[in-house]
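One structure is given here, and the rest of the page talks about it.
The values are calculated or read from the model by the stated rules, or taken from the named source; none is laboratory data. What you are looking at is a predicted structure, and each value in this text was computed from that prediction instead of being measured. So basically every Cβ, Gly included, is an ideal-geometry build from the backbone, and we count neighbours across all protein chains shown.
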Amino acid sequence: MEESYGLQNYANGTVVQSVDPVCGMTVEEGHAAGKTEYAGQFYFFCSHDCQKIFEEDPGRYIGQRH
Ligand SMILES: [Zn+2]
């Protein structure tokens, strides 16, 4: 069945997920389109567009946590 990939992958613990800070999408770190380090932390992106937007103004997307 084709449905065996997707959410079930996460059950075996080998998939690490991050949230794209720009669009809020969940991104598998191994399959992220882009990765940026900012303030000692890595951020993963669903697309190069989101990565570019983030890099232009990172504080806007992570400034919420103080
Ligand atoms: Zn995105």
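Residue by residue through segment 19-57, note down the ones that are among the aliphatic types (A, V, I, L, M) and away from the ligand (no atom under 13 Å from the Cβ).
Passing the criteria: only 39.
Could you check how many residues of segment 1-40 are at pLDDT below 95 and touching a His at 6+ places or on another chain (Cβ under 7 Å)?
Residues that pass the stated criteria total 0.
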